[in-house]
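Bear in mind these aren't lab numbers, they're just calculated from the coordinates by the rules spelled out. The structure displayed is predicted, hence computed values, not measured ones. Here the Cβ is made from the backbone with ideal geometry for all residues, glycine too, and neighbour counts use every protein chain on show.
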Amino acid sequence: MEEKDIYILAIESSCDETAAAVVKNGREVLSNVISSQIDLHTLYGGVVPEIASRKHIEKINQVVESALNEANMTLEQIDAIGVTYGPGLVGALLVGVAEAKAIAFAANKPLVGVHHIEGHVSANFIENLDLKPPFMCLIVSGGHTHLVVVKDYGEFEIIGKTRDDAAGEAFDKVARAIGLGYPGGPKIDKASKEGNPNAIPFPKAKVEGSPYDFSFSGVKSAVLNYLNRAQMTGEEVNYADIAASFQHAVVDVLVEKAILAAKEYGFKQLAIAGGVACNTTLRAKMKEACDKNNITLYYPSPIYCTDNAAMIGCAAYYEYKKGVRHGWDLNAVPNLKLGER
């Protein structure tokens, strides 16, 4: 007997993107609507949580409606509602969770809460139909830098994580310090193309006794100290060189540890996920290292690397298949850990 197709309406509002999507059978995206607030937050040099929450409230109904229209579906045809409930900004998450609960209640559909980072990992399933667990995954975003073994859909073993700043956070802070503004990741990526990555030897932190853990506060401080010293001595600085050298230091560590983990754990498949997975240097260096070590590299298209609801729909599908259902008491959990329920 043929299995019935499963359609998930997914909602994502953990930071500054209001997003909704319709996903079929966890792998086929029928619609992926994203309303970004980047222009708004650029004025303040970063995300202002209060403004983000208010914008989500304004946009969420329109975004959900657009996602259903684009997929050419009605709520009746949807099997379950998936929603990000953590981690993220508490006010922003609450908007998505309240919307999902209201829709699920009104339409009498099951509710499936999704971990935001699980969503980022699942983004790799959308375009890579041959990718199935188990595999190694490097998650690099504004709030997270994790090395995880994806044991099964929705099942992770964290083998390494950052001890301080996440990679994306370090990108944002350095971008601000050298006057590039927000969002830092794409701006440093662009500026570094004009610079020399070997111009300034910024440090690459090793965490004693933890080969898979990361630390980026040292390299961030080294950039700030370099800028302060130059300012005090009246020395001219080349911002493109700083961007390229900083990026080089961060990317080298990410690649080195991810490859080491894949080899030590015996995986021939390595995926990268999260906003920083868009970084062109990271993709190129990781590809080079994977080719050298006979490892297949997977990464999502840029639209699925940054926050979106298609990845949440994909993760929700596998949770739904496992029988995960949430009640009306589902709440936003801003500091939800990976693997927690």
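When DSSP beta bridges are limited to those with both residues in the stretch 133-300, what percentage is antiparallel, rounded to the nearest 5?
Numbers: 12 of 20 bridges.
Antiparallel bridges make up about 60 percent of those DSSP assigns within the stretch 133-300.
Using a 10 Å cut-off on Cβ atoms, rank the peptides 311-321, 183-193 from the highest mean neighbour count down.
Working: 311-321: 28.2, 183-193: 20.6.
Result, highest mean Cβ count within 10 Å first: 311-321, 183-193.
May I ask you to work out the translational diffusion coefficient for the chain at 4 °C, viscosity 1.567 mPa s, via Stokes-Einstein with Rh from the Kirkwood sum over Cα pairs, reported in whole µm²/s? Intermediate values should be presented prior to the final figure.
Working: Rh = 20.5 Å.
Answer, rounded: 63 µm²/s.
So which aspartates and glutamates pass the test for residue 285, namely a Cα distance under 17 Å, with those fewer than 8 places away in the same chain ruled out?
Candidates past the 8-residue exclusion: 189, 252, 256.
For residue 129 and residue 163, compute 0.36 nm times the residue count separating them, minus their Cα-Cα distance, and round to one decimal in nm.
8.9 nm is the gain from fully extending residue 129 to residue 163.
Setting aside same-chain residues fewer than 8 positions from residue 101, which lysines have a Cα under 30 Å from its Cα?
4, 24, 55, 59, 109, 151, 321, 322, 337
Structure shown: which of 220/287; 132/257; 132/204 lie over 28 Å apart, alpha-carbon to alpha-carbon?
Numbers: 220/287 25 Å; 132/257 22 Å; 132/204 32 Å.
From 220/287; 132/257; 132/204, over 28 Å: 132/204.
Using a 10 Å cut-off around each Cβ, can you sort 171, 202 from fewest to most neighbouring Cβ atoms?
202, 171
Report the gain in length on full extension from residue 54 to residue 6: 0.36 nm times residue separation, minus Cα-Cα distance, nm rounded to one decimal.
14.1 nm
From the residues 214, 231, 255, which one has its Cα farthest along the dipole of the stretch 133-300 in the positive direction, the dipole being from +1 and -1 charges on Cβ of Lys/Arg and Asp/Glu about the Cα centre?
255
Using a basic spin-label model with each label point 7 Å from the Cα along Cα→Cβ, how many nm lie between residue 61 and residue 206?
Rounded to a tenth, the inter-label distance reads 5.9 nm.
What's the center-to-center distance, using Cα atoms, between the stretch 4-20 and the stretch 117-174 in Å?
19
Length gain on complete extension for the stretch residue 256 to residue 340, per 0.36 nm per residue less the alpha carbon to alpha carbon distance?
The residue 256-residue 340 span can extend by a further 27.4 nm.
Determine the distance separating the Cα centre of the stretch 41-63 from the Cα centre of the stretch 80-108; give it in Å without decimals.
Here the two parts' Cα centres lie 16 Å apart.
Using the alpha-carbon centroid of each, what span in Å lies between the stretch 263-281 and the stretch 317-341?
Between the Cα centres of the stretch 263-281 and the stretch 317-341 lies a distance of 25 Å.
Would you report the distance distribution of C-alpha pairs in the stretch 133-300 as whole percents per 10 angstrom bin, up to the bin with the largest distance?
Going out from 0 Å in 10 Å bins, the stretch 133-300 shows 11, 41, 33, 13, 3, 0 percent.
Taking only DSSP H segments of four or more residues, each worth -39500 (n - 2.57), what value at 222 nm results for the chain once the sum is divided by all its residues, to the nearest 500 deg cm²/dmol?
Details: 11 runs with 150 residues, N = 341.
Calculated from helices alone, the mean residue ellipticity at 222 nm is -14000 deg cm²/dmol.
From the gyration tensor of the Cα coordinates in the stretch 7-49, what semi-axes in whole Å does the equivalent ellipsoid have, largest first, with each one equal to sqrt(5λ)? Walk me through the numbers on the way to the answer.
Numbers: eigenvalues 152, 15, 7 Å².
Semi-axes, largest first: 28, 9, 6 Å.
Identify the residues of the stretch 133-160 with backbone N under 12 Å of a label point that sits 7 angstrom from the Cα of residue 217 along the Cα-to-Cβ direction, or state none.
Within reach of a label on residue 217, which here means backbone N under 12 Å from a point 7 Å along Cα→Cβ, the stretch 133-160 contributes nothing.
Using 19 Å as the cut-off for backbone N distance, which residues of the stretch 88-123 belong to the label zone defined by a point 7 Å from the Cα of residue 328 along Cα→Cβ?
Answer for this model: 94-113.
Which FRET efficiency value, to the nearest 0.05, is calculated for residue 287 and residue 36 with the Förster distance at 25 angstrom and r the Cβ-Cβ distance?
In this case the efficiency is close to 0.35.
Which of the peptides 235-245, 298-308 is most tightly packed, and how do the rest follow, judged by the mean count of other Cβ atoms within 10 Å per residue?
298-308, 235-245
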